[in-house]
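A quick write-up on the structure given underneath.
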Amino acid sequence: MRRLLLALAAVAAVSACGTAPSAGPAPSGPSPASSSTAASAPAVLRTRTMSWHLPSPLGREAVVAQGSWALVAGGLVGGDSSTATAYRIDLSDGHVRHLSPLPVPVHDTAGATTPGGPLVVGGGNAAEQDVVQRLDGHSWDVVGHLPQARSDLTAVTTGGRVLALGGYDGLRPAEPAILSSTDGSHWHTIGHLPVPVRYAATTEADGAVWLLGGEVAGTMQTAVQRIDPATGRARVVAHLPERIGHAVALPFGHRILLAGGRTTVDHVTDKMWWFTPSTGRFTPAGHLPAPLADSAAVARHGAYYLLGGESPGVTDKVVEVTD
């Protein structure tokens, strides 16, 4: 799962998900009709690094919004190890309330919410995991299993269901099946991605779920994939202006902000892009305070907070993004 080309294969905590096929189909280039830049001047967002920070450097974690707090669980820590640590952090001042640890430490995992409680879906440590872990009060339980082990995935809660998208099963570079669950215990396939990817930027906007970019076999991708959550139908509707994976996608009204990410395995970017679903066009949206990839985003009072990530090493910084 860890994609930096460093001599880290001996680290047991990430060894299984750190090995990817060295070859794979290169994605097609951007479609001029869908990725051209609009002529009008793009809006520039306000970004700032908060004065408070995470308790320790962390990336590739699960994050779930809980009012003015964010639930943070698992992730990658210094030394390239998975952590079982979980806590709630106040997004106004950084105050932390620690929770009991996860039963299974994971990173490259995904967070989601159900009526029964927040979920940590899949992930990896010494091997890819299929476990689904749910918080009940202050303790965690393994409440279910994905149909197959899956790390490097994303999850979206929509229409009372959790969709698990993309990822890596330890053998193939990405998972095409779109999985759906209402409780985290029972999962079924509702569709397939036309471009299977891992490390995609994912969000819900305009009644659809969107996957922007991602990675396949060490190559960042350009496809913008639209999923109808009601039917599971997925199709490529546009292309990014450049290859990007490991980014975050943030909905602002009828537009989506793509922030940070990697343009290659070892290059982290600070660029931000506006994507307008109605036109399929991208326009520049300024820059983050510093290059950032593999962070987790959570919303509070009209602002987004990017928690931790890699810049290029794991960081404890928190970046606020507002329009």
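Annotation for segment 136-216: trypsin sites (Lys or Arg not before Pro) lying in DSSP loop with at most 10 further Cβ atoms inside 10 Å of their Cβ do not exist. Of the residues Val63, His287, Gly166, the one whose Cα sits farthest toward the positive end of the charge dipole of the chain, with +1 on the Cβ of Lys and Arg and -1 on the Cβ of Asp and Glu, is His287.
Other residues whose C-beta falls under 14 angstrom from the C-beta of Pro196 contribute a net charge of 0, scoring Lys and Arg +1 and Asp and Glu -1. Let a ≥ b ≥ c be the square roots of the eigenvalues of the Cα gyration tensor of segment 211-263; is it rounded (a/c under 1.5), or, if not, prolate (a/b larger than b/c) or oblate? Verdict is oblate for segment 211-263. Of the residues Thr269, Thr189, the one with the fewest other Cβ atoms within 10 Å heads the list, and the complete ranking is Thr189, Thr269. Taking a ≥ b ≥ c as the square roots of the eigenvalues of the Cα gyration tensor, segment 172-298 is classed as prolate, since a/c reaches at least 1.5 and a/b is larger than b/c. For segment 71-185, the square roots a ≥ b ≥ c of the C-alpha gyration tensor eigenvalues yield an a/c of 1.5 or more together with a/b not exceeding b/c, which makes the shape oblate. Summing Cβ point charges (Lys, Arg +1; Asp, Glu -1) relative to the Cα centre of segment 45-322 gives a dipole of roughly 680 debye.
Residue order for Glu61, Glu320, fewest other beta carbons within 10 angstrom first, comes to Glu320, Glu61.
Does anything in segment 273-311 have its amide N under 14 Å from the 7 Å Cα→Cβ label point of Ser92, and if so which residues? Output list for this probe position: 300-302. For the chain, the 222 nm mean residue ellipticity estimated from helices alone, with every DSSP H stretch of n ≥ 4 adding -39500 (n - 2.57) and the total spread over all residues, rounds to 0 deg cm²/dmol.
For the residues His239, His95, what sequence is obtained by ranking on other C-beta atoms within 10 Å, fewest first?
Going from least to most buried by this count: His95, His239.
Placing dummy labels 7 Å off each Cα toward the beta-carbon, the span from Thr189 to Ser56 is 3.9 nm.
Under the 0.36 nm per residue contour assumption, what length would be gained going from the current alpha-carbon distance of Gln66 and Val237 to full extension?
So the extension gain works out to 58.3 nm.
Since every read-out is calculated from the coordinates, none of them should be taken as a lab result. Since we're looking at a predicted model, the values are computed, not measured. Ideal geometry is used to build each Cβ from the backbone, glycine not excepted, and the neighbour counts take in all protein chains shown.
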